[in-house]
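What follows is a single structure, written as structure tokens, with notes after it.
The values are calculated or read from the model by the stated rules, or taken from the named source; none is laboratory data. All of these numbers come straight from a predicted model, not from anything done at the bench. Here the Cβ positions follow ideal geometry from the backbone for every residue, glycine too, while neighbour counts run over all protein chains shown. Heavy atoms of the whole protein, side chains included, go into the accessibility calculation; ligands, DNA and RNA do not. Shrake-Rupley method; radii C 1.70, N 1.55, O 1.52, S 1.80 Å.
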Amino acid sequence: MVAPPNTSLHRFALLTAAATFLLLAAGALVTSNDAGLAVPDWPLSYGTWMPPMVGNIFYEHGHRMVATVVGLLTTVLALWLCLKEPRRWVRRLGLVALGVVVLQGVLGGITVLFLLPRPVSIAHATLAQLFFCLAVSLAVFAGPAWREEAPKAVDASSPPLRRLSQATALALLAQLILGAAFRHSAAGIVPHLFGAAVVAFLVAWTARRVLVQFAAQPELVRSARMLAGLLAAQLLLGAGAYLARLGSAESAQPELFYVAATVAHVAAGGATLASSVVLTLWCYRRVSGPGESIALASTPQRATI
Amino acid sequence: MTTRKLLGSATILALVLLAACGGAEKPAEVAEKPAAEAPAGPPVDPATAATVTGKVVYKDGKPQPNRIRMDADAACAAMHGTPVFSHEVVVNDNGTLRYVFVYVKEGLDNRTFPTPKEPAVLDQRGCLYTPHVVGVQTNQDVKILNSDSTTHNIHPVPTNNREWNTSMPPGAEPLVKNFPREELLIPVKCNVHPWMKSYIGVLKHPFFAVTGIDGTFTLKGLPPGEYTIAAWQEKFGAVEQKVTVGPKETKTVDFTITPKAAGD
């Protein structure tokens, strides 16, 4: 039996994912304003929970406040899942999310206390994107659509759509790491530009495959359209952010247009990665894998998905 | 609890402790102990000491200065009744450059010089660093003040000395630091107010100067000899000239900095 959807839990998971998206933007504001070390101590800020919110302290402490909210939301979500979610793997995923958000907080603390060591800063930026994907995935799993049983579409093409969407998600993740490395001055722009070309090709290929071969799968079509749209926006934002960076190189401080373009680029990058992860998840839910029996979709073993 | 869970918990705890125990000083990749010195050379004889003087001319007109926006901190903005501009490139009315660090780069061989007892002072005043460029000798104290009614953090970013980042709220006690290794030049920034930048030049000897409102410099007390004099500007880099001074001699060395030529 498929358990009835828990609407409140689903909404709470969506809220957690939305708050995490805001946290991504808040983190990007810190980097873009060069505010990462505006508060020299951690976990307190200037020895208190609420320092004067002046200058770049506003961005750094604001980031910490949003992170605290996301940490609390994730804790509640994990507990809620433990208490009410019948699927063991979803409960476990909730606990994994809780572990990741704690680790992410510790990484953030290490970046402050050890004065922005580049590997840790890049790891912090990357884990932020991965945690956002985790939060979005939990929202998908908690939703009613995921619980609906539907026959899986047959995929006899090569490479299989599941593999293609996986490769796209991994390429997007690598691209975000290259972007973080560029932002933290650990790499030049060329690898990031090369990565943009690779992900553009993979996203276009994946989206085309979905729209042409799996047009009858609404979740797949929706996810593919969102992915393609976000990527197009992301490419434009990336070009804008780079031009803004060049344009503000002579400025005495980070200019508003540079900060806005960079934050939008980072946040849209997270949304693009998350949408590719969602598409991959739906590929596993609605498309048969190589050698997989279609009838398996309605067997009791699959009833708890 | 299984072994795996125990290991996982221990790892997280270790990370938290590692983070919590870390100070705001970056572990330097180099040891703080000064490198072994060569045998000391002869002391400078004041009776034969020479002087090198000159000015630093900017050869590209008068560039438009970058305006600083202090509206992110009302206390900073309130301290200035007129627009404030960046000190990155300041061309004086006589066409000379201000805030150029001029120093003896080569020629002193293995002479050693006592560390001055008087500290150099770096003040945070009007949400700007005063002075914008300052020189010190290795191990000489730098006394850092916060004369403002707002919070600053002071954060030098050296490559050859220990990095640190310390907050200085209004009314904070002066902070006294020093740099044990020679380094040209250490950027200093306030991460709270991203327009605040300063540079500290750390040398083993006292033959350095920073150009002021007339763009001139004077290096006094030099032992007779042949020297390479360098003039460093934060945006345009460094230019060098060789000069030979005899006993009690005063020589003039003028530098010309153009955006294209400097730093080549």
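For the stretch A:227-254, enumerate the residues that are within 14 Å of chain B (Cβ to nearest Cβ) and either in contact (Cβ under 8 Å) with a residue 40 or more places away in the chain or in a helix (DSSP H, G or I) (or both). Give the derivation first.
Step one: list which residues in the stretch A:227-254 are within 14 Å of chain B (Cβ to nearest Cβ), which gives A:247-254.
Within the stretch A:227-254, A:G247, A:P254 meet the criteria.
Taken as a whole, the condition of being at pLDDT 95 or above and either open to solvent by 70 Å² or more (accessible area, probe 1.4 Å) or within 23 Å of A:G55 (Cβ to Cβ) (or both) applies to A:A260.
Identification of strands (runs of 3 or more DSSP E) wholly contained in the stretch B:114-169 with 2 or more residues that are in contact with a Gly (Cβ under 9 Å, 6 or more places away or on another chain) yields B:133-137. Within the stretch B:186-203, residues that are facing chain A (nearest Cβ under 9 Å) and part of a strand (DSSP E or B) sit with their Cβ atoms under 8 Å from residues that are aliphatic (A, V, I, L, M) and open to solvent by 10 Å² or more (accessible area, probe 1.4 Å), at 6+ positions apart or across chains, in these pairs: B:K189/B:V157. Pairs linking a residue in the stretch A:32-58 that is more than 8 Å from every other protein chain (Cβ to nearest Cβ) and free of Cβ contacts under 8 Å to residues at least 60 places away in the same chain to a residue that is assigned to a loop (DSSP other than H, G, I, E, B) and not basic (K, R), with Cβ atoms under 6 Å and 6 or more positions apart or on different chains, are A:S45/A:V39; A:S45/A:P51.
The number of residues in the stretch B:222-239 that are part of a strand (DSSP E or B) and either surrounded by 13 or more Cβ atoms within 10 Å (Cβ to Cβ) or modelled with pLDDT under 95 (or both) comes to 12. Screening the stretch B:167-176 for residues that are within 14 Å of another protein chain (Cβ to nearest Cβ) and surrounded by fewer than 18 Cβ atoms within 10 Å (Cβ to Cβ) and picking the one that is nearest to the chain's Cα centre (by Cα) gives B:L175. Answer yes or no: is there a residue in the stretch A:5-25 that is in contact with a Pro (Cβ under 6 Å, 6 or more places away or on another chain), open to solvent by 60 Å² or more (accessible area, probe 1.4 Å) and within 25 Å of A:S137 (Cβ to Cβ). Checked the stretch A:5-25: at least one residue is in contact with a Pro (Cβ under 6 Å, 6 or more places away or on another chain), open to solvent by 60 Å² or more (accessible area, probe 1.4 Å) and within 25 Å of A:S137 (Cβ to Cβ).
Each residue in the stretch A:45-72 was checked for being of a type outside the set (K, R) and open to solvent by less than 60 Å² (accessible area, probe 1.4 Å), and 17 of them qualify. If A:C82 satisfies every condition in (1) in contact with a Lys or Arg (Cβ under 9 Å, 6 or more places away or on another chain); (2) within 19 Å of A:R183 (Cβ to Cβ); (3) without any contact (Cβ under 8 Å) to a residue 40 or more places away in the chain but one, which is the exception? For A:C82, the exception is condition (2). Would you check if there is a residue in the stretch B:183-201 being under 14 Å from B:E106 (Cα atoms), more than 16 Å from the chain's Cα centre (by Cα) and open to solvent by 40 Å² or more (accessible area, probe 1.4 Å)? There is no residue in the stretch B:183-201 that is under 14 Å from B:E106 (Cα atoms), more than 16 Å from the chain's Cα centre (by Cα) and open to solvent by 40 Å² or more (accessible area, probe 1.4 Å). Beta carbons closer than 9 Å, at least 6 apart along the sequence or on distinct chains, pair a first residue in the stretch B:116-131 that is without any contact (Cβ under 8 Å) to a residue 12 or more places away in the chain with a second that is open to solvent by less than 50 Å² (accessible area, probe 1.4 Å) and of a type in the set (S, T, Y) for B:T130/B:S198.
For every residue, the table says whether it meets (1) in the same structural domain as B:Y103 (by TED's automatic domain parsing); (2) touching a His at 6+ places or on another chain (Cβ under 9 Å).
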position	(1), (2)
B:P158	no, no
B:W164	no, yes
B:V176	no, no
B:W195	no, no
B:I200	no, no
B:Y227	yes, no
B:Q233	yes, no
B:E249	yes, no
B:F255	yes, no
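Among the residues of the stretch A:104-111, are any out of contact with any strand residue (DSSP E or B) (no Cβ under 9 Å at 6 or more places or on another chain), aliphatic (A, V, I, L, M) and open to solvent by 40 Å² or more (accessible area, probe 1.4 Å)? No, the stretch A:104-111 contains no residue that is out of contact with any strand residue (DSSP E or B) (no Cβ under 9 Å at 6 or more places or on another chain), aliphatic (A, V, I, L, M) and open to solvent by 40 Å² or more (accessible area, probe 1.4 Å).
Tallying residues that are in contact (Cβ under 8 Å) with a residue 12 or more places away in the chain and either among the hydrophobic types (A, V, I, L, M, F, W, C) or at positive phi (or both) within the stretch A:205-222 yields 7. When the stretch B:136-166 is filtered for residues that are among the hydrophobic types (A, V, I, L, M, F, W, C), open to solvent by less than 20 Å² (accessible area, probe 1.4 Å) and within 10 Å of another protein chain (Cβ to nearest Cβ), the ones remaining, listed by number, are B:I154, B:W164.
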